[in-house]
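Quick note: the coordinates plus some simple rules give every number you see, no bench work behind them. Model, not experiment: these values are computed from the prediction. All Cβ positions, even for glycine, are placed from backbone atoms using ideal geometry, and neighbour counts span all protein chains on display.
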Amino acid sequence: MKPNYVLNAWRNKKQTLGAWVGVNSINVAESMAHSGFDWLVIDCQHGLIEMNALPALIAAINTTNTVPFVRVKSNNFGDINKALDSGALGVIVPMINNAEEARAAVDAMRYPSSKGYGKRSTGPTRPMMAYGNDYLYEANENVACILQIETKDGLANVEEIAAVPGVDCLYVGPTDLAFGLGLFPGGEWEGKRNGSWFLKIFQQDSHKKALKTILDCCHRHNIAGIMHTLGINETSKMYIKDGWDGIMSGSAKGWMSRGAGGALRELRPMVKSIIPRKITADDDVLHQLAAGKITVEDAKLLMSNL
């Protein structure tokens, strides 16, 4: 079977860089793969992608050696099976709260074996063509089971989740985790309600402590930890230094918006727009900056994440 380069890297204590694909476009998926990321996640939870789009998007990624992962909508046996049969070499399951839910996810991703777990149904027609005729024999060791820790209960039960046999990685959803920690948008902890909630959660001691708890737990159990960094390079660099095994460094949509917006901002002074403008997210940030509600540094970071 074709190797899962990312899973092998994690097992050998090597760090990896990945990115998010949340738009249903073969061209986008293929372009992102050819950019050189170690792995790409096709997002069927919050992204604008349905399950029937997976075979074509994964095939586009497979024009390279970038490893295709899929985030499913929920811990659903049928959806996890469908993602794998479409060619995913790893599945990210959101909102895992306890060991029982972790075992259900593992069972959906593993074929029955002598190890005592695994209930995946057999029908890997496309993976056998994409990865080799020995897929059925090798898949259990080459498909990554990635569980998201992003709730209060998930954090409280992280030790028992990480200890479940067959789990390869825990993935932090930092914003949902912030909700679980009581760091709600507009709360007193935030100070001025200025739209920089996404930045400020990373600065809170409770959030930092929770992240350390999760990463330390991963490494105690000899599994990988992935950090979702909201596409902010400064944050990505910090978590690389902290020792996270995988860094989700940005999204196709975010980079397309920033690239197009940056090019346009450079040319607009020369050619004024003839189209009546709508209020954009960038405008909101600039208005806050003009009103003194945020700093220049906050404005730069917020606009880089739009």
Next on the checklist: Of the conditions (1) crowded, with 18+ Cβ neighbours inside 10 Å; (2) under 17 Å from the mean Cα position of the chain (by Cα); (3) closer than 26 Å to ALA108 by Cβ; (4) not charged (D, E, K, R), MET32 satisfies every one except a single condition; which number is it?
Outcome noted: (3)
Next on the checklist: Quick check on my filter: what residues within the stretch 104-125 are surrounded by 18 or more Cβ atoms within 10 Å (Cβ to Cβ) and among the basic types (Lys, Arg)?
Outcome noted: ARG110, ARG120
Item to check | Positions within the stretch 133-151 being surrounded by 15 or more Cβ atoms within 10 Å (Cβ to Cβ) and out of contact with any Ser or Thr (no Cβ under 9 Å at 6 or more places or on another chain), in sequence order | outcome: TYR135, GLU138, ALA139, ASN142, VAL143, ALA144, CYS145, ILE146, LEU147, GLN148, ILE149, THR151
Next on the checklist: Criterion first (crowded, with 20+ Cβ neighbours inside 10 Å, over 23 Å from SER236 (Cβ atoms), touching a strand residue (DSSP E or B) at 6+ places or on another chain (Cβ under 7 Å) and not small (Gly, Ala, Ser)) does ILE61 satisfy it?
Outcome noted: no
Next on the checklist: Testing ASN222 on (1) in contact (Cβ under 8 Å) with a residue 24 or more places away in the chain; (2) on the phi > 0 side of the Ramachandran plot; (3) in a loop (DSSP other than H, G, I, E, B), one condition comes back false. Which one is that?
Outcome noted: (1)
Item to check | One residue from LYS237, LYS241, LYS253 being closer than 29 Å to SER25 by Cα, without any contact (Cβ under 8 Å) to a residue 12 or more places away in the chain, in a helix (DSSP H, G or I) and basic (Lys, Arg) | outcome: LYS237
Checklist outcome for this item: Over the stretch 86-99, the set of residues under 20 Å from ALA33 (Cβ atoms), hydrophobic (A, V, I, L, M, F, W, C) and part of a strand (DSSP E or B) is VAL91, ILE92
Checklist entry - Taking the stretch 128-156 only, how many residues are assigned to a helix (DSSP H, G or I) and of a type outside the set (A, V, I, L, M, F, W, C)? => result 10
Checklist entry - Residues that are closer than 28 Å to LYS119 by Cβ: which strands (runs of 3 or more DSSP E) entirely in the stretch 1-85 hold 3 or more of them? => result 39-43, 67-71
